[in-house]
Each structure stands twice: as structure tokens, then as C-alpha cells.
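The values are calculated or read from the model by the stated rules, or taken from the named source; none is laboratory data. Predicted model, so just to flag it, every value in this text is computed and none were measured. Don't worry about glycine lacking a Cβ; one is built from the backbone with ideal geometry, like all the others, and counts go over all protein chains shown. These area figures cover heavy atoms from the full protein model, side chains too; ligands, DNA and RNA do not enter into them. Shrake-Rupley method; radii C 1.70, N 1.55, O 1.52, S 1.80 Å.
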Amino acid sequence: METGKFFHNLMERKDFETWLDNISVTFLSLTDLQKNETLDHLISLSGAVQLRHLSNNLETLLKRDFLKLLPLELSFYLLKWLDPQTLLTCCLVSKQWNKVISACTEVWQTACKNLGWQIDDSVQDALHWKKVYLKAILRMKQLEDHEAFETSSLIGHSARVYALYYKDGLLCTGSDDLSAKLWDVSTGQCVYGIQTHTCAAVKFDEQKLVTGSFDNTVACWEWSSGARTQHFRGHTGAVFSVDYNDELDILVSGSADFTVKVWALSAGTCLNTLTGHTEWVTKVVLQKCKVKSLLHSPGDYILLSADKYEIKIWPIGREINCKCLKTLSVSEDRSICLQPRLHFDGKYIVCSSALGLYQWDFASYDILRVIKTPEIANLALLGFGDIFALLFDNRYLYIMDLRTESLISRWPLPEYRKSKRGSSFLAGEVSWLNGLDGHNDTGLVFATSMPDHSIHLVLWKEHG
């Protein structure tokens, strides 16, 4: 009896499979609309057991977690096509997704680079780079919303401040009150204050201060005692710019008498007078060359001197008697003036003018780039890096993304004291111009002297 029932059920199963095959063929021949109607009808006929079965199977079919199923390498490849904001949203899907997405080092490093962030490829901790990106996006939003900086003032001089120089958290100010002061920017405290002559230019290190003066001389002072250790006489006009190098034992000065003088730093004697300028020499820069050309090699010391129209390049080293290697300008007929600020890092020379920013390749002296956009007309250069440039005008401080040549941030400035020679304002820390890294966006951004003899400071605001 039981055997007969088994065969009866088996036949039913066989008949069912035949029926199912036939109905499947028919179903596949239907249009999408007809298929939907058929399914709707079958669902309406189903009971709780069938609906539960349908629900369980649909979830498996429709909600396949590809990040869980794919090999990690393939997941990373797919994730690279998504923008960072979408990835952050995907991190909220599940713990598994968050774990996989956070582990994709390349994605977060690329996202950081796109924001202008410096990347240390030796750090392979993926979670680290996701955190860096979150920090970066916050800082960039602060820049965009004009909330990245704060201001402060240094008060202490009793007459106009003409000369500023910044180095390693310390700001030196030279004034008509016949004094120079050294300030700790982080605390606002005056570290040293010494009596000097009128200062048109200043540069310092831990032991000494070098000043260029409206009295046509250059002087060297000792911070600790305030004593004048050297006096350099020979210019017949105000000395607007000074630079020196202890290794070479050389000091250079640019003057309103149209000359550049090269001095023995320790002895105080004039070694050479460089002529050729036909305007006030408002800037001199001593720098090591970092590129090779027919005229110089990496490691050679180079002197740049600039006036209203021209930048002259001189070889400076053990051989003091030198001839001008090259003269750079933006207009042959002298119709376009150069701004008094000059950037030279041993590889590139950058200067601003009414026509825009000019960048010269130091190996060839060719103009590599001219940034001419309506937004930067009449903007003066403060600092220039691989990623960002710092610029300003009478009203604002600006940050330009050099990759897109667009202004990405601005900060309002008070009515500061304007100097045609560019000595009364400067950039502070500049390493961030080569790319932010989450640590170099601290300290001084910009300083300028004010009509009330104070110094106005723009500083990075601490990360929120």
C-alpha cells in the first residue's frame, strides 16, 4: 500500500515538473508587463508560507553585498571610481563596508592630493589617510568660508615700522623710532629690543641682526648686548634690501643709488660694487642654485637683484668679481612695472606685475608660465609654492590654487601702511604653499605694519 502511494506521489512530481517547464516557456515569452501581471496574480493567490518564502529569496537576490563577495583588490578598484563624499556616505552602510572603504589607502591618498595635501607615501596605514582626508576637507572648507585665520597685533614701536623679517616663529621689526625688536609670534612677547639707526631692511639669525638704513649704511648688531659689531659704509643712497650668508662670509645690499654692493660680512669691507640698474634696487636675494645650466651648477650661490623694471642674476661665490648672467623683464619698453616682491627658491624665479604672475625657469631663464586672470590684476605676490600662491591687494589676502589658477580663499585686511618697496609686509610660514599636511598650517600667515605703528598679524586658526 505504502509503495503504491510513493509511486503516486512520484508521478505527481513528474507531472508537476512537466507543467512547470511548460509554464516557464510560456512565462518567458510574455512581455514585461504581462510578466508583472502574472506575478501579481500569483502573489494574490499565495498564503503566508509562500509570501515568507518569497521575501527570504528576494532579499538574497536583490541585496547582494558585492563588497563582501568580491576579492579585496577588485573592491579597491571599484572604489577608486567613486568621489570621496560618496565613499564617506558608503561607510555608513555597514561595518563591513566601512572597514573595506577605510582600508583603501590609494583612494584616500588621491583624495588628499586633490585637495592640495602633501602625501608621505611611506605611511601605509589606510585608516590614517582617511583621517587625514577628513582633517583636510575641514581645513579647505574653513578656507572657502573665510574661517581659517585669526588676527593679532604687536604693539611696542613709537614711530612707523618700515622693515619686517620673519624666521622660525620670530618676527623682527625695524622702525623710525631708532630701534629694532624681535617678537615671539606665538606669544606676542618682545624677546629683544635694541637701539639702531632708521631701518629700511632687516634680516636676523639667533646671534645677530643686519639692518639696511635710510642713512645709506648697513650695520650688524648683536642681539644679546645690543652692540653694533660692524658698520658698512659706501652707498650714496638709502639701503632698501640686505641679505647675507655666513658660510660665504658675504653680505649683499641693494640701494637707492642704483647699485648692489658685496661686502665681507666679518671684516666690513666692500668687495665689489655691481652696476647696471637704472632704478632703485629694492630687493637682493642670496640663494643656492638647485638646477644645472650652461651658466651655473647645483650648489652654486646666486645673487638676484631687482628694481622697478628688471631682475638681474649674478654668480656669487669665492670669485667675487662677477658679471651679470642675465637680465629678466616682462616688457622690453619698460611699460610694465614689477611688483617689489620676488620669489627665488633655486629652481624658479617668480614675480608679479600688472600683467599677472610671471614664472621663469632658472635653468633656461625661459618664461615657464604667466598667470593672467582678471581676478589677480594688480595683486602683489607674497609667496609661491608647488600647490598654492599667497597674494594680496589693498583690501584682501588671497590664496590661489596654482593647479587651477583660481582664487580659493580670501581674508580681509585693515588699512595697512603701504610701501612701494615691499618692506613693510611679508608672508610668514610658507612650507604649506607646497601642500598642506595637517601640521604646517600653523603660525604666521601674513604680517604688515599699521599707521598706528603696530604690527597686524594674520595667523592660522587651530584645527576644530
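Overview of values
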{"quantity": "Residue match in the range 113-130 (condition: part of a helix (DSSP H, G or I), farther than 30 Å from Ser431 by Cα, out of contact with any helix residue (DSSP H, G or I) (no Cβ under 8 Å at 6 or more places or on another chain) and not aliphatic (A, V, I, L, M))", "calculated": "no"}
{"quantity": "Test: residue in the range 34-48 that is β-branched (Val, Ile, Thr), in contact with an Asp or Glu (Cβ under 9 Å, 6 or more places away or on another chain) and open to solvent by less than 90 Å² (accessible area, probe 1.4 Å)", "calculated": "no"}
{"quantity": "Residue within the range 424-435 that is part of a loop (DSSP other than H, G, I, E, B) and surrounded by fewer than 19 Cβ atoms within 10 Å (Cβ to Cβ) present", "calculated": "yes"}
{"quantity": "Any pair with Cβ under 8 angstrom, 6 or more apart, that starts in the range 261-290 at a residue that is under 12 Å from Val242 (Cβ atoms) and ends at one that is open to solvent by 10 Å² or more (accessible area, probe 1.4 Å) and among the β-branched types (Val, Ile, Thr)", "calculated": "Lys261/Thr273; Val262/Thr273; Val262/Ile320; Trp263/Thr269; Val281/Thr259; Val284/Val242"}
{"quantity": "Hits in the range 275-327 (condition: under 19 Å from Cys337 (Cα atoms), under 28 Å from the mean Cα position of the chain (by Cα) and acidic (Asp, Glu))", "calculated": "Asp307, Glu310"}
{"quantity": "Qualifying positions in the range 438-457 - surrounded by fewer than 21 Cβ atoms within 10 Å (Cβ to Cβ) and either β-branched (Val, Ile, Thr) or within 19 Å of Glu415 (Cβ to Cβ) (or both)", "calculated": "Thr442, Met450, Pro451, Asp452, His453, Ser454, His456"}
{"quantity": "Subset of the range 273-310 (residues that are among the polar types (S, T, N, Q) and surrounded by fewer than 18 Cβ atoms within 10 Å (Cβ to Cβ))", "calculated": "Thr273, Thr275, Thr278, Ser293, Ser297"}
{"quantity": "Cβ pairs under 9 Å, 6+ apart, first in the range 118-147 and under 23 Å from Leu397 (Cβ atoms) and acidic (Asp, Glu), second assigned to a helix (DSSP H, G or I) and modelled with pLDDT of 90 or more", "calculated": "Glu147/Lys141"}
{"quantity": "In the range 256-280, residue modelled with the highest pLDDT [restricted to those that are of a type in the set (D, E, K, R) and outside any strand (DSSP E or B)]", "calculated": "Asp257"}
{"quantity": "Candidate set: the range 95-112, residues that are without any contact (Cβ under 8 Å) to a residue 24 or more places away in the chain and out of contact with any helix residue (DSSP H, G or I) (no Cβ under 7 Å at 6 or more places or on another chain); chosen: the one most open to solvent (accessible area, probe 1.4 Å)", "calculated": "Lys95"}
{"quantity": "Residue under evaluation Leu58, criteria (1) more than 29 Å from Leu92 (Cβ to Cβ); (2) part of a helix (DSSP H, G or I), criterion not met", "calculated": "(1)"}
{"quantity": "Search result, residues across the range 185-228 that are out of contact with any Gly (no Cβ under 9 Å at 6 or more places or on another chain) and assigned to a strand (DSSP E or B)", "calculated": "Gln189, Val191, Phe204, Lys208, Val210, Trp221, Glu222, Arg228"}
{"quantity": "Some residue of the range 368-381 being at pLDDT 90 or above, under 18 Å from Ser305 (Cα atoms) and under 19 Å from the mean Cα position of the chain (by Cα)", "calculated": "yes"}
{"quantity": "Filtered residue count, the range 54-94, keeping only those that are in contact (Cβ under 8 Å) with a residue 24 or more places away in the chain and open to solvent by 90 Å² or more (accessible area, probe 1.4 Å)", "calculated": "2"}
{"quantity": "Subset of the range 333-391 (residues that are open to solvent by less than 20 Å² (accessible area, probe 1.4 Å), among the β-branched types (Val, Ile, Thr) and not in a strand (DSSP E or B))", "calculated": "Ile376"}
{"quantity": "Lys323 vs. criteria within 22 Å of Ala427 (Cβ to Cβ), open to solvent by 60 Å² or more (accessible area, probe 1.4 Å) and either in contact (Cβ under 8 Å) with a residue 60 or more places away in the chain or of a type outside the set (A, V, I, L, M, F, W, C) (or both)", "calculated": "no"}
{"quantity": "Count of the range 159-184 residues which are more than 20 Å from Glu415 (Cβ to Cβ) and assigned to a loop (DSSP other than H, G, I, E, B)", "calculated": "4"}
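One line per residue, one yes/no per condition, for (1) over 22 Å from Lys323 (Cα atoms); (2) in contact with a strand residue (DSSP E or B) (Cβ under 8 Å, 6 or more places away or on another chain); (3) open to solvent by 20 Å² or more (accessible area, probe 1.4 Å); (4) of a type outside the set (S, T, N, Q):
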| site | (1), (2), (3), (4) |
| --- | --- |
| Glu222 | yes, yes, yes, yes |
| Gly234 | no, yes, yes, yes |
| Asp243 | no, yes, no, yes |
| Glu247 | no, no, yes, yes |
